[in-house]
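*Asks:* Can you read through this structure? Questions will come right after.
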Amino acid sequence: MIQPADLPDTIPVFPLPGALLLPRSRLPLHIFEPRYLQMFEDVLKTRDRLIGMIQPAPRPGHDDALHSIGCAGRVTQFSETEDGRYMITLAGVSRFRVQSEVDGFTPYRRCDVAWGGFERDLGKVEHDKGFDRTVFFAKLRRLFEQRQMATDWDTLDEAEDELLINSLSMLLDFPPEDKQALLEAPSLTTRRETLVTLIEFALRGANDGDIWQ
């Protein structure tokens, strides 16, 4: 099993609003900006092949500020298009806490990070003992109907707790700050509770005549 000490102290980071990566989950990415093409090519030369996904957190006077917590993923698959773009897949490894940003000559951003406090991410698959699937799926079906989204409900119902909750957290179109709340949830149970709250909020917004985007 990987230990926090086995992970690098400095990683490249990819600030991407609304893109959520969680441990033991997979995130497809389309790489086309020159600075991130350079980042990807440099990452392939490293032992760990890690990229840190992180949400921007702009504030007055600091348009390039980042949230303090992100999640690192290992490049496990990639393909190159004829015009030099890359389609890659990141496999979530562990969340991290940003210590400081590294000044350097790379066109992309790098951060010194700490892995402590996220040992659960490097362990076994989590289970949610209090997960009431009947109630959860009733809310989820209403949300999908509201959004006119289709899915394979049998496949969702058969999915293990962690795969189901994390996949929905990553795929549903929540605002970046809500995605950050899902990322920072300390356990699978608290992530599921946060996810349910966001679904309920979206359903209430629709009933009030608002549009959830």
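*Asks:* Quick test of your reading of the structure: Pro186 fulfils all but one of (1) surrounded by 14 or more Cβ atoms within 10 Å (Cβ to Cβ); (2) not in a helix (DSSP H, G or I). Name the failing condition by number.
*Replies:* Pro186 satisfies every listed condition except (1).
*Asks:* Answer yes or no: is there a residue in the stretch 124-132 that is within 18 Å of the chain's Cα centre (by Cα) and over 16 Å from Ile165 (Cβ atoms).
*Replies:* Scanning the stretch 124-132 turns up no residue that is within 18 Å of the chain's Cα centre (by Cα) and over 16 Å from Ile165 (Cβ atoms).
*Asks:* Return the residue satisfying two criteria in turn: it lies in the stretch 32-89 and is of a type in the set (Val, Ile, Thr) and part of a loop (DSSP other than H, G, I, E, B), and of such residues it is nearest to Ile2 (Cα to Cα).
*Replies:* Thr46
*Asks:* Given the criteria of a type in the set (Phe, Trp, Tyr) and either assigned by TED's automatic domain parsing to the domain that holds Phe96 or under 22 Å from His67 (Cβ atoms) (or both), does Phe201 qualify?
*Replies:* Yes.
*Asks:* Within the stretch 81-96, which residues are surrounded by 13 or more Cβ atoms within 10 Å (Cβ to Cβ) and more than 14 Å from the chain's Cα centre (by Cα)?
*Replies:* Result: Arg85, Tyr86, Met87, Ile88.
*Asks:* Right, something else. Might you check whether a residue that is within 30 Å of Gln38 (Cβ to Cβ) and not in a helix (DSSP H, G or I) occurs anywhere in the stretch 201-208?
*Replies:* No, the stretch 201-208 has no match at all.
*Asks:* For Leu50, state whether it is out of contact with any Asp or Glu (no Cβ under 9 Å at 6 or more places or on another chain), of a type outside the set (Gly, Ala, Ser) and over 25 Å from Glu184 (Cα atoms).
*Replies:* So Leu50 fails the test.
*Asks:* A further question on this structure: Mind checking which residues of the stretch 47-78 are modelled with pLDDT under 95 and small (Gly, Ala, Ser)?
*Replies:* The answer is Ala57, Gly61, Ala65.
*Asks:* Output the residues belonging to the stretch 135-183 that are part of a loop (DSSP other than H, G, I, E, B) and surrounded by fewer than 17 Cβ atoms within 10 Å (Cβ to Cβ). Walk me through it before giving the result.
*Replies:* Of the residues in the stretch 135-183, the ones part of a loop (DSSP other than H, G, I, E, B) are 148-152, 159-160, 172-175.
Selection gives Gln148, Met149, Ala150, Thr151, Asp152, Ala159, Glu160, Asp173, Pro175.
*Asks:* A further question on this structure: What number goes with the only condition from (1) at pLDDT 95 or above; (2) under 22 Å from Lys124 (Cβ atoms) that Pro15 does not pass?
*Replies:* Answer for Pro15: the failing condition is (2).
The values are calculated or read from the model by the stated rules, or taken from the named source; none is laboratory data. Just so it is clear, the structure is predicted and the values come from calculations on it, not from any experiment. Glycine also receives a Cβ, built like all others from the backbone with ideal geometry; neighbour counts cover every protein chain displayed.
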